1. For the range 176-195, how many residues are under 14 Å from Lys112 (Cα atoms) and assigned to a loop (DSSP other than H, G, I, E, B)?
2. Do we find that Gly81 is at pLDDT below 65 and either in contact with a Ser or Thr (Cβ under 7 Å, 6 or more places away or on another chain) or open to solvent by less than 50 Å² (accessible area, probe 1.4 Å) (or both) in this structure?
3. Considering (1) more than 18 Å from Gln92 (Cβ to Cβ); (2) surrounded by 11 or more Cβ atoms within 10 Å (Cβ to Cβ), say which one Gly162 fails and leave the rest.
4. Here is a list of conditions, (1) of a type outside the set (A, V, I, L, M, F, W, C); (2) assigned to a loop (DSSP other than H, G, I, E, B); (3) open to solvent by less than 70 Å² (accessible area, probe 1.4 Å); (4) out of contact with any Gly (no Cβ under 9 Å at 6 or more places or on another chain), and Thr98 meets all of them except one; can you say which number that is?
5. Looking at the range 113-132, I want the residues that are on the phi > 0 side of the Ramachandran plot and have a partner that is crowded, with 18+ Cβ neighbours inside 10 Å with Cβ atoms under 7 Å, at least 6 apart or on another chain. Which pairs are those?
6. Do we have any residue at all in the range 145-155 that's in contact with a Phe, Trp or Tyr (Cβ under 7 Å, 6 or more places away or on another chain) and modelled with pLDDT of 90 or more?
7. Only one residue in His177, His184 is more than 19 Å from Gly81 (Cα to Cα) and open to solvent by less than 70 Å² (accessible area, probe 1.4 Å). Which one?
Amino acid sequence: MTEEQITKNETTDQTVNNLLLTEEMLNEKEHKPILFYIVLVLLLFIITIGGIGAYLSYPFAQKISGNWVSSDQTMNLSSQGQNWELAFPNYQQTNGLTLIYTGVWEAAGVNKYNGSKVGMLSKIDKSLFSDEEIAALQKKSELYTIKTQTDKELTLKYTKKGIEQIQSTTDLNSIVHMTLENLHWDKKKEKLYLNSRYFSNERIEFTLKNEK
């Protein structure tokens, strides 16, 4: 074999090697985007599942924590930890009288809340009632007991008999059912609904109260 033929063969082999290398590089470039997207999709999936898991495991009562007001401004809900108060200011158009239901939250779902251990109170602003009326309320009664009292306010706790006089049902644990909806990172955009035929045939919407 002549030197010229040897050189020609070497050139041909080099050309073939270059073509094979180029083809291999092209194949790698084709596979890299596919692999990248697969990894990206898996990463997003893991993040999403992790976020849902974190939300589900987050203490459910904290999601509803805060002060809420009904759309018609007639009801206020205060929720702190497991405890809550549902208040009706100026109850039955009586200035200075606030009817209050109190209790603790019981999980009924991820964003569903039932009131349990429910009690019933009245808060009375003494400045809006006569001395005679306050004195009459301070007397011993089968309907209520005095829970707390200050110079400005009197708080009464209703007995079972007292609840029977006011309510159509004595099973207070059956009247408070809440649902948190429109879940959002900005809590003020979330909606809370009271689902209870006892208070209304339609569910009552609550929004987070703007604190000053």
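1. 5
2. no
3. Answer for Gly162: the failing condition is (1).
4. Here Thr98 clears every test but (2).
5. What qualifies is Lys117/Gly103.
6. No.
7. His184
Rundown of residues vs (1) in a strand (DSSP E or B); (2) open to solvent by 40 Å² or more (accessible area, probe 1.4 Å); (3) in contact with a strand residue (DSSP E or B) (Cβ under 9 Å, 6 or more places away or on another chain), yes/no style:
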| position | (1), (2), (3) |
| --- | --- |
| Ala107 | yes, yes, yes |
| Ile124 | yes, no, yes |
| Glu142 | no, yes, no |
| Thr148 | yes, yes, yes |
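The values are calculated or read from the model by the stated rules, or taken from the named source; none is laboratory data. Since the structure is predicted, the reported quantities are computational estimates derived from the model, not experimental observations. With ideal geometry, Cβ positions are generated from the backbone for all residues, glycine too; neighbour counts draw on all protein chains shown. Protein only, heavy atoms only, side chains kept; ligands, DNA and RNA dropped before computing areas. Shrake-Rupley method; radii C 1.70, N 1.55, O 1.52, S 1.80 Å.
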